[in-house]
Every structure is written in structure tokens, then in C-alpha cells.
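Okay, structure first, notes after.
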Amino acid sequence: MAESGGVVHTAKSGYLQFVRYDTLVEIAARKSAVIRLLHRPGHFVVEGHPLATVLPAEAAPDIARSLDRAHFIGPHRTLTQDLAFAIDQLVEIAIRALSPAVNDTFTAITCIDWLGDGLCKIALRWNPTTVHRDGAGYVRVISAELSYSRLVQRAFEKIRQAGRGMPAVMIRQLEALAKIKDYASTEEQHQVLLEQAAMILRASRESVPEEADRADVQRRYDALVLGS
């Protein structure tokens, strides 16, 4: 599709808020076509830039005229189909709390607790549909989905960066990762959690001056890894 598909361009700029996948399947089935979406809800799309590719290419113009029935673009992100937005909101609160101007460690820790809770639930239920078929079983829509590893990265990396030199934040992140790991069901999920834990441990060694504090972080890390 990347080599020979026809390109459908974005009609207007804004955040992709909602996609009606069943409507897209109907549109593609009528043209005996396949639509590959290049963006997911939460992405900012720019007018005139590629929104999707269509195979066969000659079906692209007709499908482009129908896509506004299945794509909703607006001025801001929403939680309807944008799971990452919920994570980003909690992360934003946490990093603002950790800023020198606010210095509210307990609010940041609360955000870490709820991020951990959400990722525990996601680990159990994570099975996004990327291939959508019509009633006859033909592939009609290939969607762009957020990976589990990217969700974990979004939940932990900015807070880790903002919390350098703060053992309480590092310890709470490691405790959250340990809880999530209890729910992780695949090797890929386990690996991304252990990678985040290793980055937190390195940040502790590089930024925490007190040896006893570094030892506390190390103990939490060891408990997480030994529980693998």
C-alpha cells in the first residue's frame, strides 16, 4: 500500500478526535478497497497532509469524499478514543508538581499511583484491533494503534526526567512498575517495564548524592527484578 496505494489528504487541521471504524469498513467495502489509516485519535493532523492510503489507488478520490462521515477532527484532544490523553493529563499534573516553582512531591506521587493503577488494568485487557474486516471476512481497514510499550513510556519517562535527584519519586515509580508487572501477561510487556526500572536506577546513581537514598532505590529495584 505504501508503494502503490492512493493517498487521501486531510481536509482540515486539528486533532483527530474520533474514528467510526464500522463506517470506514462500509465505505471501503462498497469500493472493494482497503483503507490504511496513518493517524490515530489524539494525533494532530495538518490540512493537505496524508491522512490515509487506499488500495486500489483509483478508489482513493471517491473514498476521500466520504471520509468526513467517519473522521471527526476538532481543536482539542478528547478522551473518547484517545487513551494516551488520559495518561498525558496525569503526567502533566505530576511534572508541574515537580517543578521548582511548585515543589509538590505528594501530588506527583499521587499521579504515579493512579498511572500505575491504569496500566495494571491495561495490561490485563490490552488487545487493540488493528485489522477491521467486512461481513465476508475481507480486510477493509488497517488502523494506527498505540502500542503498550509506548503507553508505559508516556506514563514514566517525563516524570522520571522531572524527578531526577528525588528518591521518593523514583521509589514510587519502581513500586508502581512492580505492581504493573504482576499483571503483565507477555514477555514484551515485562521487558518494557524492566527497561523503565533500569532507567530509574541509572538516574538514581547519577543524580542522588546521598548513599543511603541510593540504597533505598536499589532495594526497590532489586525487589522488582527478583520478582520476574
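The values are calculated or read from the model by the stated rules, or taken from the named source; none is laboratory data. Being a predicted model, the structure only gives us computed values, none of them experimental. All Cβ positions, glycine included, derive from the backbone under ideal geometry; neighbour counts span all protein chains shown. Just the protein is used for accessible areas: all its heavy atoms, side chains included, with ligands, DNA and RNA removed. Shrake-Rupley method; radii C 1.70, N 1.55, O 1.52, S 1.80 Å.
Yes/no per residue for (1) under 19 Å from Gly116 (Cα atoms); (2) among the β-branched types (Val, Ile, Thr); (3) surrounded by 14 or more Cβ atoms within 10 Å (Cβ to Cβ); (4) in contact with a Gly (Cβ under 6 Å, 6 or more places away or on another chain):
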{"residue": "Glu188", "(1), (2), (3), (4)": "yes, no, no, no"}
{"residue": "Val192", "(1), (2), (3), (4)": "yes, yes, yes, no"}
{"residue": "Ala198", "(1), (2), (3), (4)": "yes, no, no, no"}
{"residue": "Arg214", "(1), (2), (3), (4)": "no, no, yes, no"}
{"residue": "Arg220", "(1), (2), (3), (4)": "yes, no, yes, no"}
{"residue": "Gly227", "(1), (2), (3), (4)": "yes, no, no, no"}
Practice task
Determine if segment 83-90 includes at least one residue that is in contact with a Cys (Cβ under 6 Å, 6 or more places away or on another chain) and within 29 Å of Gln189 (Cα to Cα).
Solution key: yes
Completion exercise
Within segment 182-216, residues being part of a helix (DSSP H, G or I) and under 27 Å from the mean Cα position of the chain (by Cα) number 20
Fill in the blank from the handout: Counting only residues that are within 15 Å of Gly135 (Cβ to Cβ) and either in contact (Cβ under 8 Å) with a residue 24 or more places away in the chain or among the β-branched types (Val, Ile, Thr) (or both), segment 27-43 contains a total of 4
Problem - Identity of the residue in segment 41-83, more than 30 Å from Ala155 (Cβ to Cβ) and part of a strand (DSSP E or B), that ends up most open to solvent (accessible area, probe 1.4 Å) - result: Leu55
Exercise for the section: Output the residue which, of all residues in segment 126-176 that are under 25 Å from Gln191 (Cβ atoms) and of a type in the set (Lys, Arg), is farthest from the chain's Cα centre (by Cα). Expected result: Arg164
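Yes or no, residue by residue, for (1) out of contact with any helix residue (DSSP H, G or I) (no Cβ under 8 Å at 6 or more places or on another chain); (2) of a type in the set (S, T, N, Q); (3) in a helix (DSSP H, G or I):
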{"residue": "Cys111", "(1), (2), (3)": "no, no, yes"}
{"residue": "Leu124", "(1), (2), (3)": "no, no, yes"}
{"residue": "Asn127", "(1), (2), (3)": "yes, yes, no"}
{"residue": "Gly137", "(1), (2), (3)": "yes, no, no"}
{"residue": "Arg140", "(1), (2), (3)": "no, no, no"}
{"residue": "Leu146", "(1), (2), (3)": "no, no, no"}
{"residue": "Ser149", "(1), (2), (3)": "no, yes, yes"}
{"residue": "Ala155", "(1), (2), (3)": "no, no, yes"}
{"residue": "Lys158", "(1), (2), (3)": "no, no, yes"}
Practice task
Find the residue count for segment 94-106, including only residues that are assigned to a helix (DSSP H, G or I), surrounded by 15 or more Cβ atoms within 10 Å (Cβ to Cβ) and of a type outside the set (Lys, Arg).
Solution key: 4
Practice task
Scan (1) hydroxyl-bearing (Ser, Thr, Tyr); (2) under 22 Å from His43 (Cα atoms); (3) open to solvent by less than 50 Å² (accessible area, probe 1.4 Å) for the single condition Thr130 breaks and write down its number.
Solution key: (3)
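Of the residues in segment 2-17, how many are of a type in the set (S, T, N, Q) and surrounded by 14 or more Cβ atoms within 10 Å (Cβ to Cβ)?
Quick first cut of segment 2-17, residues of a type in the set (S, T, N, Q) only: 4, 10, 13, 17.
Restricting the remaining residues to those that are surrounded by 14 or more Cβ atoms within 10 Å (Cβ to Cβ) gives 10, 17.
Adding up the residues that qualify gives 2.
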Fill in the blank from the handout: For segment 1-17 the number of residues that are free of Cβ contacts under 8 Å to residues at least 60 places away in the same chain, farther than 13 Å from Ile63 by Cβ and part of a strand (DSSP E or B) is 1
Problem - Residue check for Ile171: open to solvent by 10 Å² or more (accessible area, probe 1.4 Å), under 18 Å from Gly227 (Cβ atoms) and at pLDDT 95 or above - result: yes
